[in-house]
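Student: Once you've had a glance at the structure underneath, I'll fire off some questions.
The values are calculated or read from the model by the stated rules, or taken from the named source; none is laboratory data. The shown structure was predicted, so the numbers you read here are calculated from the model rather than taken from an experiment. Because the Cβ atoms are built from the backbone with ideal geometry, glycine has one as well, and the counts that use them run over all protein chains shown. Protein only, heavy atoms only, side chains kept; ligands, DNA and RNA dropped before computing areas. Shrake-Rupley method; radii C 1.70, N 1.55, O 1.52, S 1.80 Å.
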Amino acid sequence: MSTSADRVVVVGAGVSGLAVARELAPDYDVVVLDKGGVAADTSSRASGMISLSLEPFPDGWATFALDQFRELDGRGVFSFTERETVRLVPKEDAEKYTDEAPTGGEFLTRNELLNQFPDSFGDLSAYGGGLVYDGTGYLDALDYAMTLKWQAEKAGAGIFRDHEVTGLRVDDGTVTGVDTEYGPIDADHVVYATGWKTRELLAEYVELPVRPLRWNALVVEPESPLPDDCPLGSEPTMRVYWRPTRRGDVLVGGNEHLLSDPEGTPMGVQSSFRETVLEDVAPLLNGVDGGTVRREDCCPTADCASPDGLPIIDAPDEAPDGLVVVTGLHGRGVMLSPVTGRAVRSLVTGEKAPFPTSGFELARFEDRSADFEYRSHWD
C-alpha cells in the first residue's frame, strides 16, 4: 500500500472523478483537474434514477451502492429518496410472471397495481400488470456531485476547474504525473475518469473499447402534482423509464443510442423521443397526459458505452504502472459511483474491495476496437 504522502491526480471532475476523490482524499494528496466545470458535462444532466436492483450487475454492487447512498443522505445538500419501481408488463407477457417473478421483483396484476398505487397510474389497459422492485429511488445528480466535492475537499482534496490536462507523463513504464496547460504536476498515481474521450486521450498507452453514447430526457409538469408515493417506473417495449421529482413533476428518460461524432452532432432531444413521451408514456401516469414540458435534456457531449454494457475500472497490465482508467459506464455513472470510487481505491491501495471486481477488468475484452453495437440493458 502506498503512503499518505503519495499524490493522486484524478483527471475529470464528473461524478465518477469526485467519487474517487472522496474515497482517496483521507489517505492521499488528491488533486482533481477538469478542463471545464465541476460536474458540468454528462453528470449534470443525469436522471438521478437509482434502479440498481433491476440492473444486470454482479452480486454486491447494488448492496454496496445503496448502503452508500443511504449513509450519505442528509449530508451536505444531498438527499436520497427511496421509492419502489414498477416495470410494466404487457398483457401478452403477463402469464410468464403469474407463478414466479424475476429475482427481487414481485408481480402484481393490473388491478393489484392500481389498488397499491391508486393515484399514480393512468391508462394501463395495454398491460397485464407490473413487476414491483424495492431497493430503488432517486436523487438530484448535481446536489450529489456537489456533496461528493464538499466531502473530498473537507478531507483535503484540491479540485480545480478550467485546468486542462494535456498529457500523461511516463518514465520507464511508470506514471510520474501529468502535463497541464499551466505546467507539469508530479503524481504517483493518475486516474482518468474522462468518459468516452479516455480512448483517445490514452491511445498511446492502452486501447480501450468504448464509444460515445447519448440519451434523452424530458421533464413534464402534470396537471396536478404526482402523489408522494408515486413509484418510479419503466416500460420495456418503449425502453423508457420515469421518476417523480420533488416538486411533483415527472422525468422521463431513454432513447439511448451510440454516436459517431458527438461533438459534431447537434445537441437536443430527438423529436421522435418527444413524441413517444407525450403520446405513449404520458397517458400511463395520472394527470401527465396533457401536461406541460418544462425541460428537455441530453448529455452535452456524450456518455460512454462498452461492448458488454459494464464499466471498465482497471489498472491494465499493458498500461504504465500507476495509471487507472474509469470509463464505459454505459449511462449508469451516477448509479455506480459509490462502487467506482471504492474499486479505484482498491486498485490504488491494494485493499480488497467489498464486492467482486473481476467484471471491471479490461482483460475481459479480446477485441479492443470501438467498432461494436450498442448493448442495451433492456435486453
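Student: Using a basic spin-label model with each label point 7 Å from the Cα along Cα→Cβ, how many nm lie between Glu71 and Glu275?
Tutor: Taking the simple label geometry, Glu71 and Glu275 are separated by 4.8 nm.
Student: Now for a different question. Just to verify a number: FRET efficiency for Ala126 and Thr174, C-beta to C-beta distance, R0 = 41 Å, to 0.05? Numbers along the way, then the final one.
Tutor: On the way: r = 59 Å, r/R0 = 1.45.
For Ala126 and Thr174, the calculated efficiency is 0.10.
Student: Once you list every other residue whose beta carbon is under 11 Å from the beta carbon of Lys352, what net charge do they have if Lys and Arg are +1 and Asp and Glu are -1? Could the numbers behind the result be given before it?
Tutor: Values: positive: Arg342, Arg345; negative: Glu351.
Surrounding charge for Lys352 is +1.
Student: A further question follows. Taking 35 Å as R0, compute the FRET efficiency from the Cβ-Cβ separation of Thr292 and Arg161 and round it to 0.05.
Tutor: Details: r = 34 Å, r/R0 = 0.97.
Once the sixth-power term is evaluated, E becomes 0.55.
Student: Quick check on the chain: of the DSSP beta bridges with both residues there, what percent are antiparallel, nearest 5%? Walk me through the numbers before you get to the answer.
Tutor: Numbers: 54 of 73 bridges.
Once the DSSP bridges in the chain are tallied, antiparallel ones form about 75 percent.
Student: Ok, one more. In segment 70-164, what is the volume of the convex hull around the alpha carbon atoms, normalised per residue and reported in Å³? The partial results should precede the final answer.
Tutor: Numbers: hull volume 16.8 nm³, N = 95.
With only Cα atoms used, segment 70-164 gives 177 Å³ per residue.
Student: For segment 230-348, what ratio Rg/Rh do Cα atoms give with a Kirkwood hydrodynamic radius?
Tutor: On the way: Rg = 17.9 Å, Rh = 16.9 Å.
Computed over Cα atoms, the ratio is 1.06.
Student: Applying the Karplus parametrisation 6.51 cos²θ - 1.76 cosθ + 1.60 with θ = phi - 60° to the phi angles of segment 222-230, what ³J(HN,Hα) value in whole Hz is obtained for each residue in order, glycine and proline being reported as x?
Tutor: Listing the rounded values in order: x, 4, 9, x, 5, x, 4, 9, 4 Hz.
Student: Quick one: if the Förster radius is 41 Å, what FRET efficiency do Ser369 and Ala40 give, using the C-beta to C-beta distance and rounding to 0.05?
Tutor: In this case the efficiency is close to 0.85.
Student: Arg332's amide H: which non-local residues (gap 5+, or another chain) put their own amide H closer than 5 Å, with H modeled 1.01 Å from N in plane and none for Pro or chain starts?
Tutor: none
Student: If you don't mind, another one. Once the convex hull of the alpha carbons of segment 175-219 is built, what does its volume come to per residue, in cubic angstrom?
Tutor: Values: hull volume 5.7 nm³, N = 45.
Per-residue hull volume (Cα only) is 126 Å³.
Student: Loop only per DSSP, at most 16 neighbouring Cβ atoms within 10 Å: give me the GluC sites (Glu not before Pro) in segment 110-167, ordered by residue number.
Tutor: Numbers: sites: Glu112, Glu153, Glu164; in loops: Glu164.
Sparse-neighbourhood loop GluC sites (Glu not before Pro): Glu164.
Student: Moving on. With label points built 7 Å along Cα→Cβ from the Cα atoms of Glu204 and Arg247, find their separation and express it in nm.
Tutor: My value for the distance between the label points is 4.7 nm.
Student: Rank these residues by their accessible area, most exposed first, probe 1.4 Å: Thr180, Thr237, Thr174.
Tutor: On the way: Thr180 15, Thr237 100, Thr174 55 Å².
Correct descending sequence by accessible area is Thr237, Thr174, Thr180.
Student: Sticking with this one: With each pseudo-label sitting 7 Å past Cα toward Cβ, what's the Met267-Ser358 distance in nm, one decimal?
Tutor: Reported label-point gap for Met267 and Ser358 is 4.1 nm.
Student: While we're here: Report in % the part of the accessible area of segment 22-112 that belongs to carbon and sulfur, leaving out ligands and nucleic acids; probe 1.4 Å. Provide the component values of the computation, followed by the final result.
Tutor: Working: 1760 of 4340 Å².
Of the solvent-accessible surface of segment 22-112, carbon and sulfur hold 40 percent.
Student: May I pose another question? Can you list the equivalent-ellipsoid semi-axes of segment 1-115, largest first and in whole Å, using the square root of 5 times each Cα gyration tensor eigenvalue? Don't jump to the answer; show the numbers that get you there.
Tutor: On the way: eigenvalues 311, 52, 36 Å².
Rounded to whole Å, the semi-axes are 39, 16, 13.
Student: Moving to a separate point now. Write down the accessible area per residue of the chain in Å², having rolled a 1.4 Å probe over the full set of protein chains.
Tutor: With all protein chains present, the chain gives 43 Å² per residue.
Student: Taking the alpha-carbon centroid of each part, what is the distance from segment 60-131 to segment 170-248 in angstrom?
Tutor: Using only Cα atoms, the two centres lie 25 Å from each other.
Student: For segment 238-366, which whole percent of the accessible surface, found with a 1.4 angstrom probe, sits on carbon and sulfur atoms?
Tutor: Working: 2160 of 5080 Å².
Looking at segment 238-366 in its full context, I get 43 percent from C and S.
Student: Tell me the Kirkwood hydrodynamic radius of segment 129-189 in angstroms, computed as one over the mean inverse distance between distinct C-alpha pairs. Spell out each step's value before the answer.
Tutor: On the way: mean 1/r = 0.0654 Å⁻¹.
Every distinct Cα pair counted, the radius reaches 15.3 Å.
Student: Okay, moving on. Taking Rh as the Kirkwood radius, which is the inverse of the mean 1/r over Cα pairs, what is the Rg/Rh value for the chain?
Tutor: Values: Rg = 21.1 Å, Rh = 21.4 Å.
Radius of gyration relative to Kirkwood radius: 0.98.
Student: How would you rank 330-336, 167-173, 85-91, 343-349, highest first, on the average number of other Cβ atoms within 10 Å across their residues? Numbers along the way, then the final one.
Tutor: Working: 330-336: 25.0, 167-173: 13.7, 85-91: 21.0, 343-349: 22.7.
Ranked from most to least packed, the peptides come out as 330-336, 343-349, 85-91, 167-173.
Student: Here is a follow-up. Can you list residues whose amide H is under 5 Å from Ala13's amide H, if they're 5+ apart or on another chain and H is modeled 1.01 Å from N?
Tutor: So Ala13 has HN proximity to Ala39.
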